[in-house]
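Sharing a structure below in structure tokens format, with a few things to ask.
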């Protein structure tokens, strides 16, 4: 559970997806055991937070961490097989076929995450590990058998529905739950009990994976030491998820969630996700959102509320093309949003609100009153009504805010500079001059400009600064391009194994620079 370290004080951290920080021993994707390896470099850089993207289980045919089959379950894709006792006991990597060992070497060398092959290899190994556990540990009263049983009992409040859903998903050849046989689709108690008996071993398998993932996660968090692990609280989950199947009456399936036109899309976006029945959820005391909050507080020291404005007013797209906000009026929106924000804040974890896009004034006023920090993205913090539209001095940002150079959805600083017009570049140059660094507006992006912008962020009045790893290094790699379907989205990896951050000259220099900035502006871990 969160220990309150991040409730106050000045902090600095890096934003990076877990999938991006692969090590030499991981299987082509960043894994849970790689978090402490990253934390060692963060400490050297004086950073005390790592902000991750969601780590919930993704569908087998998707790479987006925002389209999960469970709001509670960790993705088994992040399990570190080298630390899995049941897998090593069967021979570990030597137990793979010669062809699979070749593929494993290839995914490890890949510049991006090869999800298709990583998934195939990992699921093969995880099934093998479970078979060993089932044969040698299950129902033996061994220490590991008892630990698994304890986990199942402790987490049954979400694990029961998740395990049954995953087993039924497999039994139905991955079909959407609305296409299942009516009795299990509609959750007839007798049909569900029969399914639990019929699919007992398969349910145990998925529960076992969650036990392993949870155990590795908690050990990794402890090994991160002074570095706090922050997560992401997605606004929604996939319609084909354990949560929506278990709570069908709390969601609309004849409409979808999206956003109106904003900085990312002139036409707005349709996310294709089911719509909350807010009135029904309120009658149940927002039980599911409370459960999600509890789960996040168990996993993270803090978490970012994705699409904050949606908790105040959800943009709904009807099938006939019409759109509307729900709740429909400002008083109802304010009441609902503040009730939910208070609930999230009561978890004990540090809350950060993603308040980008079209945000009504009353939402910002509400955040200020509740002291929930929103994001101050440097490139968008400008005095839009003044001559030349100068950038706001980050030193004037309120303490209850999070200063950042970008998010996983924005282009990195280097790419932003490359595409910026002359007026915008001149405004950036003026900002850097206030930091006693003169960067010419007609020059290419440079290390000098990168560090001047980082210095601006470090000097922000915000209690927390979080910088995408790409901006720390000045790289042009993107994590995601919104409203675009591409294999390149959600697949970026570090150019080196994560453990090499402590020895690669470029990474060593970056750590030294950030540590200097941390000392100068009294934030993060003293180095």
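Give, in nm to one decimal, the length gained when the segment between residue 384 and residue 448 is fully stretched (0.36 nm per residue of separation minus the Cα-Cα distance).
Fully extending the segment from residue 384 to residue 448 adds 20.4 nm.
Once you place label points 7 Å from the Cα toward the Cβ at residue 123 and residue 485, how far apart are they in nm?
2.0 nm
A follow-up question, please. For the chain, what does the alpha-carbon gyration tensor say about shape, rounded, prolate or oblate, given a ≥ b ≥ c as the root eigenvalues, a/c under 1.5 as rounded, and a/b over b/c as prolate?
oblate
Also: Against the 2.2 N^0.38 Å scaling, with N counting residues, where does region 247-350 land? I'd like the Cα-based Rg ratio to two decimal places.
That ratio works out to 1.12.
Next question, about the same structure. In whole angstrom, how far apart do the alpha carbon centroids of region 370-397 and region 294-310 sit?
Their Cα centres are 24 Å away from one another.
If one takes the longest principal axis of the Cα atoms in the chain, at what angle in degrees, from 0 to 90 and to the nearest 10, does the Cα axis of helix 143-154 lie?
Once rounded, one gets 70 degrees.
Also: Between residue 186 and residue 60, what length comes free when the chain is fully extended (0.36 nm per residue of separation minus the Cα-Cα distance, one decimal in nm)?
Working it through step by step, the gained length comes to 43.0 nm.
Further, regarding this structure: If each DSSP helix of 4+ residues adds -39,500 (n - 2.57) and the sum is divided by the residues in the chain, what number results at 222 nm, nearest 500 deg cm²/dmol?
Helix contribution divided over all residues of the chain: -13000 deg cm²/dmol.
Given the C-alpha centroids of region 470-527 and region 408-430, what is the distance between them in whole angstrom?
Here the answer is 18 Å between Cα centres.
Take residue 420 and residue 249, extend 7 Å from each Cα along the Cα→Cβ direction, and tell me the distance between the two endpoints in nm.
It is 5.4 nm.
Can you put 503, 238 in order of Cβ neighbours within 10 angstrom, beginning with the fewest?
In order of increasing Cβ crowding within 10 Å: 503, 238.
Separate question: Counting only C-alpha contacts under 8 Å and six or more residues apart, can you give the relative contact order of region 247-350 as a whole percent?
It comes to 27 percent, rounded to a whole number.
For the chain, what proportion of DSSP beta bridges, expressed in % and rounded to the nearest 5, is antiparallel?
40 percent
How far is helix 447-458 tilted, in degrees, relative to the longest principal axis of the Cα atoms in the chain, given as a value from 0 to 90 rounded to the nearest 10?
For helix 447-458, the angle is close to 80 degrees.
Rounded, prolate or oblate: which one fits region 172-256, using the alpha carbon gyration tensor with axes a ≥ b ≥ c (rounded when a/c is under 1.5, else prolate when a/b beats b/c, else oblate)?
oblate
If you rank 384, 475 by fewest surrounding Cβ atoms within 10 Å, what's the result?
Neighbour counts put them in this order, fewest first: 384, 475.
On the first, second and third principal axes, largest extent first, how far apart are the outermost C-alpha atoms of region 447-524 in Å?
Result, largest extent first: 41, 31, 22 Å.
Stokes-Einstein diffusion coefficient for region 1-124 at 25 °C in a medium of 0.890 mPa s, Rh from the Kirkwood formula over Cα pairs: what value in µm²/s?
In µm²/s, the coefficient is 153.
Let me ask you something else. Can you give me the C-alpha center-to-center distance between region 229-277 and region 112-142, rounded to a whole angstrom?
Distance between centres, Cα-based: 31 Å.
A further question follows. Tell me the relative contact order for region 398-496 as a rounded percent, counting alpha carbon contacts under 8 Å between residues six or more apart.
41 percent
Could I have the simple spin-label model distance between residue 527 and residue 329, label points 7 Å from Cα toward Cβ, reported in nm to one decimal?
5.5 nm
Still on this structure, please answer the following. Of all the C-alpha pairs in region 305-388, what % are more than 21 Å from each other?
Across region 305-388, Cα pairs with separations above 21 Å total 37 percent.
I'd like the orientation of helix 98-109 relative to the chain: the angle between its Cα long axis and the longest Cα principal axis, in ° from 0 to 90, rounded to 10.
20 degrees
So for 317, 247, fewest C-beta neighbours within 10 Å to most, what's the order?
Fewest to most other Cβ atoms nearby, the residues stand as 247, 317.
Read-outs: derived from the displayed coordinates by stated rules, not from any lab. Quantities reported herein were computed from a predicted structural model and do not represent experimental measurements. Neighbour counts run over all protein chains shown; Cβ positions are idealised from the backbone, glycine included.
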